[in-house]
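**Q** Below is one structure. I have some questions about it.
The values are calculated or read from the model by the stated rules, or taken from the named source; none is laboratory data. For clarity, every value in this text was computed on a predicted model and none was experimentally measured. Because the Cβ atoms are built from the backbone with ideal geometry, glycine has one as well, and the counts that use them run over all protein chains shown. The protein model used for the area step is the full one, side chains on, heavy atoms only, and it has no ligands, DNA or RNA in it. Shrake-Rupley method; radii C 1.70, N 1.55, O 1.52, S 1.80 Å.
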Amino acid sequence: MTDSGLLTISDFAKYSRTTRDTLLHYDRIGLLSPVSRGENKYRYYSNTQLAVVNVIRTCQNLGMTLEEIKSLKDRRTPELFREVFTHQIEKIDKKIEEWIRARKLLLTLQKTIHSVSDVDEDKIAIQFLPAETIIMGEVNDYSNGRTFFDTLLSFYELIGNKYADIDLNYLVCGIFSAQRIKQRDWVGADRFYFYSSEGQDERPAALYAVGYMRGGYSDQLFGRIIDYIEENNFEVCGPAYEEYPINEIFVMESSNYLMRILITVRDKNH
């Protein structure tokens, strides 16, 4: 800093956290010029211009071009800045909402990947699993020739109407009633659901028979798990949950999809 309280271009660049080249460019286009020039042609800035640089950089980070910022600067009034700032704050708020939704989705997908990171895919096991919050659809209607895809579209429409702030890009899973599982009828889920912290339903904390299978859909896994349940003195006492924790989001080939079935059980001896 000089005796007159002015900052050299090097010091100004340092304190404004920008670069000398950037300041020279601002000067060339008339966006921000030094308050004075010495006989040696050195540029000097005032400390109040630090705030100006901060506003310029903030506006740039919000997507405004230097030309737009200069036009604003050349026409500046408190009223104009209030209008511009109101518009930019609205954009920021909208972007924050988008980032929050994106973060929730990525956390859910990350948790999904983690849940199968070290599983033994060839093993069926009885496990106690904690409750998980889900968003669940209505009971699927297969009457009058309605297909699986018809019911899936109905689920999407329901979610879109009921949860306006949730993007329909979560992994859709299926629920089968205990009665159907006992009857070995597992074609066409009774309901659809997906994991979400914003859900009002839950996959309850319970004892589950859990099994895995690679590849596309196959009813073989259901049969293997039912046989395991019966052979180990357990019985079905609640719904089954059909999931694909590893799917086309994460792998290139459908042969590498990972199917997971969770069937609610209890020990016959207790």
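**Q** Restricting attention to segment 152-165, does a residue exist that is outside any loop (DSSP other than H, G, I, E, B) and either on the phi > 0 side of the Ramachandran plot or of a type in the set (Asp, Glu) (or both)? Full working, then the answer.
**A** Within segment 152-165, the first condition is being outside any loop (DSSP other than H, G, I, E, B), and the residues that meet it are 152-162.
After this cut, where a residue has to be either on the phi > 0 side of the Ramachandran plot or of a type in the set (Asp, Glu) (or both) as well, the list is 157.
Yes, segment 152-165 contains at least one residue that is outside any loop (DSSP other than H, G, I, E, B) and either on the phi > 0 side of the Ramachandran plot or of a type in the set (Asp, Glu) (or both).
**Q** Please find, within segment 242-270, the residue that is surrounded by the most Cβ atoms within 10 Å (Cβ to Cβ) out of those that are in contact (Cβ under 8 Å) with a residue 60 or more places away in the chain and more than 23 Å from the chain's Cα centre (by Cα). Reasoning before the result, please.
**A** First, the residues of segment 242-270 that are in contact (Cβ under 8 Å) with a residue 60 or more places away in the chain: 242-247, 249-250, 258, 260, 262-265, 267.
If we keep only those that are more than 23 Å from the chain's Cα centre (by Cα) as well, we get 262-265, 267.
Details: 262: 21, 263: 29, 264: 19, 265: 24, 267: 12.
Filtering first and then ranking leaves 263.
**Q** Now for a different question. So how many residues does segment 122-135 have that are within 16 Å of residue 221 (Cβ to Cβ) and open to solvent by less than 60 Å² (accessible area, probe 1.4 Å)?
**A** Counting residues in segment 122-135 that are within 16 Å of residue 221 (Cβ to Cβ) and open to solvent by less than 60 Å² (accessible area, probe 1.4 Å) gives 3.
**Q** Here's another thing I want to ask about it. Could you list, in sequence order, the residues of segment 40-49 that are in contact with a Ser or Thr (Cβ under 9 Å, 6 or more places away or on another chain) and open to solvent by 50 Å² or more (accessible area, probe 1.4 Å)?
**A** Passing the criteria: 42, 43.
Residue-by-condition table, conditions (1) of a type outside the set (Gly, Ala, Ser); (2) open to solvent by 50 Å² or more (accessible area, probe 1.4 Å):
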site	(1), (2)
144	yes, yes
151	yes, no
183	yes, yes
189	no, no
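**Q** A further question follows. Being of a type in the set (D, E, K, R) and within 29 Å of the chain's Cα centre (by Cα) is the filter here; which residues of segment 205-241 pass it? Even if it seems obvious, please write down each step before you answer.
**A** Initial filter on segment 205-241 (of a type in the set (D, E, K, R)): 214, 219, 224, 227, 230-231, 235.
Answer for segment 205-241, where residues must be of a type in the set (D, E, K, R) and within 29 Å of the chain's Cα centre (by Cα): just 214.
**Q** When residues of segment 157-197 are filtered for being farther than 26 Å from residue 235 by Cβ, in contact with a Ser or Thr (Cβ under 8 Å, 6 or more places away or on another chain) and not aromatic (Phe, Trp, Tyr), how many remain?
**A** Here the count works out to 4.
**Q** Which of the residues spanning segment 92-116 are under 30 Å from residue 32 (Cβ atoms) and either touching a Ser or Thr at 6+ places or on another chain (Cβ under 7 Å) or open to solvent by 90 Å² or more (accessible area, probe 1.4 Å) (or both)?
**A** Hits for segment 92-116 are 94, 95.
**Q** Would you be able to tell me the number of residues in segment 155-179 that are open to solvent by 20 Å² or more (accessible area, probe 1.4 Å) and in contact (Cβ under 8 Å) with a residue 60 or more places away in the chain? It would help to see each step written out before you state the result.
**A** Initial filter on segment 155-179 (open to solvent by 20 Å² or more (accessible area, probe 1.4 Å)): 156-158, 160-165, 167-172, 177-179.
Still in the list and also in contact (Cβ under 8 Å) with a residue 60 or more places away in the chain: 165, 167, 169-171, 177-178.
So the count comes out to 7.
**Q** Anything in segment 191-229 that is of a type in the set (Ser, Thr, Tyr) and open to solvent by less than 10 Å² (accessible area, probe 1.4 Å)? List them, or say none.
**A** Taking segment 191-229 first, the residues of a type in the set (Ser, Thr, Tyr) are 193, 195-197, 208, 212, 217-218, 228.
193, 196, 208, listed by residue number.
**Q** Only one residue in 216, 211 is in contact with a strand residue (DSSP E or B) (Cβ under 9 Å, 6 or more places away or on another chain), modelled with pLDDT of 90 or more and over 20 Å from residue 105 (Cα atoms), so which one is that? Working first, answer last.
**A** Numbers: 216 fails: modelled with pLDDT of 90 or more.
Every option except 211 fails the conditions.
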